[in-house]
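Heads up: the structure comes next, in C-alpha cells.
The values are calculated or read from the model by the stated rules, or taken from the named source; none is laboratory data. For clarity, every value in this text was computed on a predicted model and none was experimentally measured. So basically every Cβ, Gly included, is an ideal-geometry build from the backbone, and we count neighbours across all protein chains shown. Surface accessibility is based on the protein's heavy atoms, side chains included, excluding ligands, DNA and RNA. Shrake-Rupley method; radii C 1.70, N 1.55, O 1.52, S 1.80 Å.
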Amino acid sequence: QVRLVESGGGLVQPGGSLRLSCAASGSIVSINTMGWYRQAPGKQREWVAVISSYGRADYIDSVKGRFTISRDSARNTVFLQMNSLEPEDAAVYYCNVVSSIRTYWGQGTQVTVAP
C-alpha cells in the first residue's frame, strides 16, 4: 500500500522560510510527476508546483522566485523550499504524486504565516 507522508509545516512569520517534505512509502510504479497543491480556508485547492521525472519544474505565478521544488527520485521524496513567505501562502499543503497507473495524495500539512 502506498502512503505519502508530509512534514515540515508549521507557523512562520511573514518573510520567513519553511521546507516541506513528502516521502512516498510502498511500491509506486513509474512515477511521472511529483508536486504540491494547497488549500486555504474557504478556497479551492490550487496547484502550486510540479517537477517531472526529468527534473523540469514549474510553478504557479504567485510563488515564482520564492518557492523551489526538488525531488530525490531514488527515495521517492519531493521537497518544497518556501522562502519569503506571505500571509497569502497560508494553507494546508498537499503532496501529489502521479504515476503511470494512478494519482496519490498526502494527508496535508498546515502552513501558517502570521506575525
message: Could you work out the relative contact order of the chain? I mean the mean sequence separation of Cα pairs under 8 Å and 6+ apart, divided by the number of residues, in percent.
response: 37
field: Accessible surface of the chain [probe 1.4 Å, protein heavy atoms]: carbon and sulfur percent
entry: 48
query: Which chymotrypsin sites (Phe, Trp or Tyr not before Pro) from the stretch 1-93 combine a DSSP loop assignment with at most 12 other Cβ atoms within 10 Å?
result: TYR54
field: Sites matching trypsin sites (Lys or Arg not before Pro) across the stretch 1-76 that sit in DSSP coil, with at most 11 neighbouring C-beta atoms within 10 Å
entry: LYS43, ARG56, LYS64
- prompt: Taking a probe of 1.4 Å, how large is the accessible area per residue of the chain, in Å²?
  reply: 54
